[in-house]
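As structure tokens, the structure follows; a few thoughts come after it.
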Amino acid sequence: MPDPSETSERRFESNPTVCPFCGVGCSVEYAGRGSATGVEGPVNGRGEICPKGAAAFDVVDHGDRLTEPLVEHGGTFVTAPWSEALDRVASGIGEVVEEHGADAVQFFASSNCTNEENYVLQKLARVLGTNNVDNCARLCHASTVAAMSERFGAGAMTNTLDDLGEADCIFVNGANPAEQHPVAFRSYILPAVRDGATLVHVDPRENDTTEAADVHLPLRPGTDIQLLNAVAAVLVEEDLVDEGFLAERTTGFDRLREHLAGVDVAASAEAAGVDPETVREAARAYGEADRAAVITGMGTSQHRCGTDNVHALLNLALLTGNVGRPGTGVNPLRGQNNVQGASDVGGLPGVLPGYEPVTDPDARERVADEWGVEPPAEPGLTEVEATHRFGDEVRAAVVFGENPAVTEPNATAVASAFDDLDFCVVIDLFETRTAEHADVVLPGSAWAEKSGTVTNTDRRVMRMRPNADLPGSARRDFEILTELGRRLTDRPEEFAYDGPADAFDELTRVAPIYEGMSYAGIGDGYQRWPFDAEAGTGTDVLHAETFATGERTAPLAVVDAVPPADDLDAGELTLTTGRVLQHFNSGALSRRSDRLMAMRGEDVLQIHPADAAERGIEDGDRVTVSNERGTVEAAADVTPAVREGVAFCTFHYAEPLANALTGDALDPAAKIPEFKHSAVAVEPAASAAGESGAAGEGDAAAGDD
Ligand SMILES: Nc1nc2c(c(=O)[nH]1)N[C@H]1C(S)=C(S)[C@@H](COP(=O)(O)OP(=O)(O)OC[C@H]3O[C@@H](n4cnc5c(=O)[nH]c(N)nc54)[C@H](O)[C@@H]3O)O[C@H]1N2
Ligand SMILES: Nc1nc2c(c(=O)[nH]1)N[C@H]1C(S)=C(S)[C@@H](COP(=O)(O)OP(=O)(O)OC[C@H]3O[C@@H](n4cnc5c(=O)[nH]c(N)nc54)[C@H](O)[C@@H]3O)O[C@H]1N2
Ligand code: SF4
Ligand SMILES: [Mo]
């Protein structure tokens, strides 16, 4: 492979910045010879990184990078100068706003991009006159945030990664941090376990996290409420609750106790498909621990009852007094490197920067003081609601660093919905599946080409610094977005920033949780929100004296099981989807890394040996996975690691498109999709069947050779 640093015209340099992949937020920099390396940072104190961090530079100088704007002409893209492409965006969006109003435009903010970029994007939407701005936190921890905001007053990790060292029990529900948050796992969770903490893992599959676990509960997908209610019932039954905490810091215990008295532990465990004794073991480990921390991920959040799942999880922490002290709490591990920040800065339809509700007149007025115009008072559309209305009341979309044609549920329908729009602009690094449906594609800047800040999973705001100049005519995302602000709104002066630092200063004046932060204060380290401007420090442990709601108490919640949207017909399996270590989300970045592709090159379907045998499927066979929404083909990985009746595949590829199979059902509170439960039929693929009978197809295949 040619060394990009020798063949490229581009200039690279080494400056500490933040890994573009997961929300752990490891510090990395350019290391020469086309590679990135870890450097000592606030989170990775010894410069440790995972394989994705090590591969981060592979996309920066990749031959597929977009280097010129693309404009659609007669069904194909042609390259165009920036002035023409931007004119086309201004007229495309302008005409839709003129004819249908600003609420006919949907803005997709980017969890992969900086606080400053997302701040500008949501400001652009709101100055234009709509709250229709969302980011893929919607597909991710929206339900976690909904439940935690309601009960605790804040949706983020209650504690810090460092805190995990003080935990005596770590209860991991629906997350696989060994693969998805590897440095959090190796540098924080594993040391705590080696130090004696008991690790409980609630996951239908055995994976790398399970290997380190003391207790594994391989539940049926979609039965978290049954399982967590059984754990809560044991806590009450066996007197493992914290009476003092319940009296002082909670309300509603009598009602919950009464409800749990009606929960039969054995029957509930059976409904979840797990052994009642193992449920008791898990409950004792959590309830007897002096300090117990919950970690939660997509297995909990991505259900039509995702918000209720989290409510059931929050009960455990409140029942046992595991909130407000180091080593405790409820800790959602956040997805992309800036999904926390994209939400913090207002990239959500219901809240302004700093989570101030758009419905709050005081909050709107505070923003108006800064912007000179008041944002609309009605919450906007979430992103899946919006794609369901493309061509209807939504007529245009601005998609910034997101790939919904691959990552939203029922994605074949989503992709064709993009064609129903009057106008669509995509700002990305690559010509993604989503970009294929755009009218204009603008070439943005990769992580190594930008400066700004990102906020990691434990609320640390850290600085990104450039390691590379731009390829071809690509532009910095910040400059593209401010230019769109000047062209699309009638307040161009509001988008005349003197660089990202200037936008960050404005953010600290608008978002109360960021008040008092500065680039200088962050320096090579971090500042954590909520930030105390006077003391000049952040808050590590939330909810210590009072909850972020301002109340001394938080309510306990009665939670009833909710059946999944898809019913299983005879012979069908439950498909649940997720991730592997070597790939990242839609694969837009990870699939372009030769070194990651060499480690793991395709999406496979994990299926239990008994289910495989019943269908005549052997390890490595091609299989079709289908339901009324679509059919995909994959190679079978026959393994007892996945429970019987369940199949698992990743969604890291546009081909096969796993999300062709997932459904449209949304959680009513958070509007998060049901990615973790779909009914599917699995059978040997026709090509495989061809060898054992369908001679015509077999011959055709041979003919191709
Ligand atoms: N390597 C890698 N790292 C990543 C990403 C990536 O794509 N690749 N993506 C990033 C992003 S955006 C996110 S949000 C995080 C996500 O990180 P995780 O939350 O760890 O991700 P998932 O693999 O989607 O789901 C976690 C586990 O949930 C289990 N599960 C499935 N159904 C259920 C269920 O009904 N109940 C329970 N309790 N468990 C269930 C799955 O078997 C899976 O092991 O990872 C981030 N980090
Ligand atoms: N079946 C199934 N589907 C899922 C999930 C699941 O578990 N199962 N998980 C869901 C979750 S948790 C998430 S977060 C979503 C993720 O959904 P997406 O956010 O759509 O997925 P990504 O692949 O992270 O897409 C990021 C896009 O941003 C571009 N990009 C990256 N960096 C930059 C940059 O600096 N500038 C610009 N302009 N563009 C950039 C990339 O090229 C890519 O096209 O997927 C969801 N979909
Ligand atoms: S753990 Fe996350 S932030 Fe750290 S190197 Fe790996 S992908 Fe990057
Ligand atoms: Mo995510």
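The values are calculated or read from the model by the stated rules, or taken from the named source; none is laboratory data. Just so it is clear, the model here is predicted, and its values are computed rather than measured. Glycine gets a Cβ as well: all are built from the backbone with ideal geometry, and neighbour counts include every protein chain shown. Surface areas here come from the heavy atoms of the whole protein model, side chains and all, with no ligands, DNA or RNA. Shrake-Rupley method; radii C 1.70, N 1.55, O 1.52, S 1.80 Å.
If the condition is being within 13 Å of Val24 (Cα to Cα) and touching an Asp or Glu at 6+ places or on another chain (Cβ under 8 Å), then the stretch 163-181 contributes Ala178, Glu179.
The one condition from (1) over 30 Å from Tyr653 (Cα atoms); (2) in contact with a strand residue (DSSP E or B) (Cβ under 9 Å, 6 or more places away or on another chain); (3) not in a loop (DSSP other than H, G, I, E, B); (4) not β-branched (Val, Ile, Thr) that Gln340 does not meet is (1).
Of all residues in the stretch 272-287, at least one satisfies being assigned to a helix (DSSP H, G or I) and without any contact (Cβ under 8 Å) to a residue 12 or more places away in the chain. Restricting attention to the stretch 329-347, the residues being under 20 Å from Thr209 (Cβ atoms) and away from ligand 1 (no atom under 16 Å from the Cβ) number 1. Here Asn173 meets each of (1) touching a strand residue (DSSP E or B) at 6+ places or on another chain (Cβ under 8 Å); (2) without any contact (Cβ under 8 Å) to a residue 40 or more places away in the chain with one exception, condition (2). Would it be correct to say that Thr382 is outside the structural domain of Arg459 (by TED's automatic domain parsing) and touching a strand residue (DSSP E or B) at 6+ places or on another chain (Cβ under 6 Å)? So Thr382 fails the test.
Residues are listed down the side, and each one gets a yes or a no for (1) surrounded by fewer than 20 Cβ atoms within 10 Å (Cβ to Cβ); (2) under 29 Å from Glu40 (Cα atoms); (3) of a type outside the set (A, V, I, L, M):
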position: Leu507; (1), (2), (3): no, yes, no
position: Pro512; (1), (2), (3): yes, no, yes
position: Met517; (1), (2), (3): no, yes, no
position: Tyr526; (1), (2), (3): no, yes, yes
position: Thr549; (1), (2), (3): yes, no, yes
position: Thr553; (1), (2), (3): yes, no, yes
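In summary, Ala293 fulfils each of the numbered conditions (1) away from ligand 4 (no atom under 16 Å from the Cβ); (2) among the small types (Gly, Ala, Ser); (3) buried (at least 24 other Cβ atoms within 10 Å of the Cβ); (4) over 22 Å from Asp203 (Cβ atoms) with the single exception of condition (4).
Restricting attention to the stretch 182-200, does a residue exist that is within 16 Å of ligand 3 (Cβ to nearest atom), open to solvent by 20 Å² or more (accessible area, probe 1.4 Å) and in contact with a helix residue (DSSP H, G or I) (Cβ under 6 Å, 6 or more places away or on another chain)? Show your work before the answer.
Pass one, the stretch 182-200, residues within 16 Å of ligand 3 (Cβ to nearest atom): 182-191.
Filter once more, keeping what is open to solvent by 20 Å² or more (accessible area, probe 1.4 Å): 186-188, 190-191.
Narrowing further to those that are in contact with a helix residue (DSSP H, G or I) (Cβ under 6 Å, 6 or more places away or on another chain): 188.
The answer is yes, given that some residue of the stretch 182-200 is within 16 Å of ligand 3 (Cβ to nearest atom), open to solvent by 20 Å² or more (accessible area, probe 1.4 Å) and in contact with a helix residue (DSSP H, G or I) (Cβ under 6 Å, 6 or more places away or on another chain).
Residues are listed down the side, and each one gets a yes or a no for (1) touching a Leu at 6+ places or on another chain (Cβ under 7 Å); (2) closer than 19 Å to Ala292 by Cα:
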site: Ser110; (1), (2): no, no
site: Asn131; (1), (2): no, no
site: Thr144; (1), (2): no, yes
site: Glu150; (1), (2): no, no
site: Pro182; (1), (2): yes, no
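Pick from Gly335, Gly324, Gly273: which is in contact with a strand residue (DSSP E or B) (Cβ under 8 Å, 6 or more places away or on another chain) and open to solvent by 10 Å² or more (accessible area, probe 1.4 Å)? None of the other options fit; the residue is Gly335.
Gln122 passes every criterion in (1) in the same structural domain as Pro379 (by TED's automatic domain parsing); (2) within 15 Å of ligand 2 (Cβ to nearest atom) apart from (2). Selection over the stretch 425-445 of residues that are closer than 11 Å to Ala588 by Cβ and either under 21 Å from the mean Cα position of the chain (by Cα) or modelled with pLDDT under 95 (or both) gives a count of 7.
Comparison of Leu657, Leu605 shows that the only residue that is within 16 Å of ligand 1 (Cβ to nearest atom) and closer than 22 Å to Arg304 by Cα is Leu657.
Only one of (1) of a type outside the set (Phe, Trp, Tyr); (2) within 30 Å of Arg487 (Cα to Cα); (3) more than 16 Å from ligand 4 (Cβ to nearest atom); (4) surrounded by 21 or more Cβ atoms within 10 Å (Cβ to Cβ) fails for Pro20. Which number is that? Failed condition: (3).
Among the strands (runs of 3 or more DSSP E) confined to the stretch 595-666, the ones with at least 1 residues that are open to solvent by less than 20 Å² (accessible area, probe 1.4 Å), modelled with pLDDT of 95 or more and within 16 Å of ligand 4 (Cβ to nearest atom) are located at 646-650. If Asp344 satisfies all but one of (1) of a type outside the set (A, V, I, L, M, F, W, C); (2) in the same structural domain as Gly222 (by TED's automatic domain parsing); (3) open to solvent by less than 10 Å² (accessible area, probe 1.4 Å), what's the number of the condition it fails? Evaluating Asp344 over (1) of a type outside the set (A, V, I, L, M, F, W, C); (2) in the same structural domain as Gly222 (by TED's automatic domain parsing); (3) open to solvent by less than 10 Å² (accessible area, probe 1.4 Å) leaves (2) as the failure.
A single entry from Asp208, Asp203, Asp214, Asp224 fulfils the requirement of being surrounded by fewer than 20 Cβ atoms within 10 Å (Cβ to Cβ) and under 24 Å from the mean Cα position of the chain (by Cα): Asp208. In the stretch 354-399, of all residues being within 27 Å of the chain's Cα centre (by Cα) and basic (Lys, Arg), the one that is least open to solvent (accessible area, probe 1.4 Å) corresponds to Arg395. If you filter the stretch 27-55 down to residues that are hydrophobic (A, V, I, L, M, F, W, C) and away from ligand 1 (no atom under 12 Å from the Cβ), you find that the one that is surrounded by the fewest Cβ atoms within 10 Å (Cβ to Cβ) is Ala31.
Kindly establish whether Gly472 is surrounded by fewer than 24 Cβ atoms within 10 Å (Cβ to Cβ), in contact (Cβ under 8 Å) with a residue 24 or more places away in the chain and at positive phi.
Details: surrounded by fewer than 24 Cβ atoms within 10 Å (Cβ to Cβ): yes; in contact (Cβ under 8 Å) with a residue 24 or more places away in the chain: yes; at positive phi: yes.
Here the answer is yes, as Gly472 does meet what is asked.
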